Amino acid sequence: MKFSEGRFLTTHTGSLPRPDRLVELLGRVAKGEPVDQKELDRLAEESTLDVIRKQAQAGVDVINSGEQSRTSFSTYVTQRMAGFGGSWTRRGHKDQNEFPGIARPRVVQLMTDVPQCTGPLEYQRPDLAERELDGLVNGVKQSGAVHQDLFMSAASPGIIALTLGNAHYASHKEYVMALAEEMRKEYEIITARGVILQLDCPDLAMERHVAYQDDPIDVFQEMVTLHIQAINHAIRNIPREQIRLHVCWGNTEGPHIYDVPIEDILPLVYQANVGALVLEMANPRHAHEYKVYRDNPLPEHMSLVAGVIDTKTNYVEHPEVVADRLRLAVDATGGDPTRVMAGTDCGFDTSAGSNRVDKAIVWLKLSAMRQGADLASQSYSW
């Protein structure tokens, strides 16, 4: 995993906008409807190459495939793993339940009408993970994209367990540990190719106002501890320097008044055996929480990908705002700029077609991140 040396490196959190036709086909896949597989593969390959080029043009240093071939950041696993079927209705976010006018019906359906676990889990399609990696590696070569590193995101055992209901295993613990053992195979496929693994773990924060919205905070924290244990089990064969872990409060625009404060989860998240954390630090509900790192210092072996771009608004951050946010992140994490990288709060299109930011504006925001990172870099002697 590369560190910021001489200047702040930039990255993002995974998903990037998809073309309309690709969104349409992925929507059919998510519903179990037949599609023209050749057309789907062709569009995913073309779109992957396009987002690789655009990331490089925007000045992003650590790039990925934009998750172009996936139905969503988490439910894609149902195409790779046996044991899922039927459907169940996932619980809605507490703030959206209280203020239903803010919800986007299509997005809500994408997030709640999903399969569930109906039998023993078995990761049967490693070829799909390999094909996605081929699209990234070959796309970089074909495009000539200048970059510092490559990453591939993958759903964590915990977010899969809470997104895809359990109708088979005797307990949540048994279910999440079974997921950890099967997802281990995907994680090792990614890192065996020399690509950074990003574990997507919104469950460690977001589920406080979803699955655990009626429970005491200690019950939620027990779940976080269990899910971290599942992660550590799944990545036991991978050097932590090859892994970064993303935590967020959900990529939904709303009041977020029921979000768990980061101080209630940060010490638990530090128990993950990873080399970097990718955390929200830009959105209006959590921008102040850089102060929490002063009382809960980042472990010496970890670096921080600081969210300096809000993925839920069409405002384009001024480069000076980005620079200020990076300086705050450095100050809060001990004053060493080499341990901080610029990133986004979350993905831009976490479920195909769910993007809240106009597709063209996404690239303006990523360009602003590069400009702001360059400004902030001038503040340090390196």
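Please state which one of ALA145, ALA129, ALA82 is part of a helix (DSSP H, G or I) and within 27 Å of ARG193 (Cα to Cα).
On the way: ALA145 fails: part of a helix (DSSP H, G or I); ALA82 fails: part of a helix (DSSP H, G or I).
Result: ALA129 is the single residue among ALA145, ALA129, ALA82 that is part of a helix (DSSP H, G or I) and within 27 Å of ARG193 (Cα to Cα).
Just give me the residues in region 12-35 being among the hydrophobic types (A, V, I, L, M, F, W, C), in contact (Cβ under 8 Å) with a residue 24 or more places away in the chain and part of a helix (DSSP H, G or I), in sequence order. Spell out the reasoning first.
Within region 12-35, the subset among the hydrophobic types (A, V, I, L, M, F, W, C) is 16, 22-23, 25-26, 29-30, 35.
Those left that are additionally in contact (Cβ under 8 Å) with a residue 24 or more places away in the chain: 16, 22-23, 26, 29-30.
LEU22, VAL23, LEU26, VAL29, ALA30, listed by residue number.
A quick yes/no check of all residues on (1) under 26 Å from SER354 (Cα atoms); (2) at pLDDT 95 or above; (3) polar (S, T, N, Q):
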site	(1), (2), (3)
LEU199	yes, yes, no
VAL210	yes, yes, no
PRO216	no, yes, no
VAL219	no, yes, no
VAL224	no, yes, no
HIS233	no, yes, no
GLU253	yes, no, no
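So which of THR89, THR112 is modelled with pLDDT under 95, in contact with a helix residue (DSSP H, G or I) (Cβ under 7 Å, 6 or more places away or on another chain) and more than 21 Å from HIS246 (Cβ to Cβ)? Let's see the steps before the verdict.
Numbers: THR112 fails: in contact with a helix residue (DSSP H, G or I) (Cβ under 7 Å, 6 or more places away or on another chain).
Sole residue among the options that is modelled with pLDDT under 95, in contact with a helix residue (DSSP H, G or I) (Cβ under 7 Å, 6 or more places away or on another chain) and more than 21 Å from HIS246 (Cβ to Cβ): THR89.
From the list THR333, THR350, THR344, which residue is buried (at least 20 other Cβ atoms within 10 Å of the Cβ) and in contact with a His (Cβ under 9 Å, 6 or more places away or on another chain)?
Every option except THR344 fails the conditions.
Is one or more of the residues making up region 287-301 crowded, with 16+ Cβ neighbours inside 10 Å and touching a residue at least 60 places away in the same chain (Cβ under 8 Å)?
no
Provide a single number: the residues in region 132-174 that are farther than 25 Å from CYS346 by Cβ and among the acidic types (Asp, Glu).
2
Tally time: how many residues in region 64-78 are of a type outside the set (D, E, K, R), within 20 Å of ALA145 (Cα to Cα) and touching a Ser or Thr at 6+ places or on another chain (Cβ under 6 Å)?
Residues flagged as of a type outside the set (D, E, K, R), within 20 Å of ALA145 (Cα to Cα) and touching a Ser or Thr at 6+ places or on another chain (Cβ under 6 Å) within region 64-78 amount to 2.
What residue, of LYS38, LYS54, is in a helix (DSSP H, G or I), without any contact (Cβ under 8 Å) to a residue 12 or more places away in the chain and not small (Gly, Ala, Ser)? It would help to see each step written out before you state the result.
Working: LYS54 fails: without any contact (Cβ under 8 Å) to a residue 12 or more places away in the chain.
That would be LYS38, the only listed residue that is in a helix (DSSP H, G or I), without any contact (Cβ under 8 Å) to a residue 12 or more places away in the chain and not small (Gly, Ala, Ser).
Does ARG42 satisfy the criteria of being on the phi < 0 side of the Ramachandran plot, more than 20 Å from the chain's Cα centre (by Cα) and surrounded by 14 or more Cβ atoms within 10 Å (Cβ to Cβ)?
No: the conditions fail for ARG42.
Of the residues SER87, SER74, SER65, which is over 18 Å from THR350 (Cβ atoms), touching an Asp or Glu at 6+ places or on another chain (Cβ under 8 Å) and among the polar types (S, T, N, Q)?
After ruling out the rest, the residue left standing is SER87.
With respect to ARG70, is the statement that it is closer than 24 Å to VAL340 by Cα, among the basic types (Lys, Arg) and part of a loop (DSSP other than H, G, I, E, B) true?
Against the criterion (closer than 24 Å to VAL340 by Cα, among the basic types (Lys, Arg) and part of a loop (DSSP other than H, G, I, E, B)), ARG70 does not qualify.
Which strands (runs of 3 or more DSSP E) does region 259-363 wholly contain that include 3 or more residues that are farther than 27 Å from ASP214 by Cα and of a type in the set (Val, Ile, Thr)? Even if it seems obvious, please write down each step before you answer.
Working: elements: 276-279, 303-309, 340-344.
Here the list reads 303-309.
From the residues in region 15-39 that are at pLDDT below 95, small (Gly, Ala, Ser) and surrounded by 14 or more Cβ atoms within 10 Å (Cβ to Cβ), which one is nearest to ALA154 (Cα to Cα)?
The qualifying residue nearest to ALA154 (Cα to Cα) is ALA30.
The values are calculated or read from the model by the stated rules, or taken from the named source; none is laboratory data. Computed from a predicted structure; not experimentally measured. Every residue, glycine among them, receives a Cβ derived from its backbone with ideal geometry; neighbour counts consider all protein chains shown.
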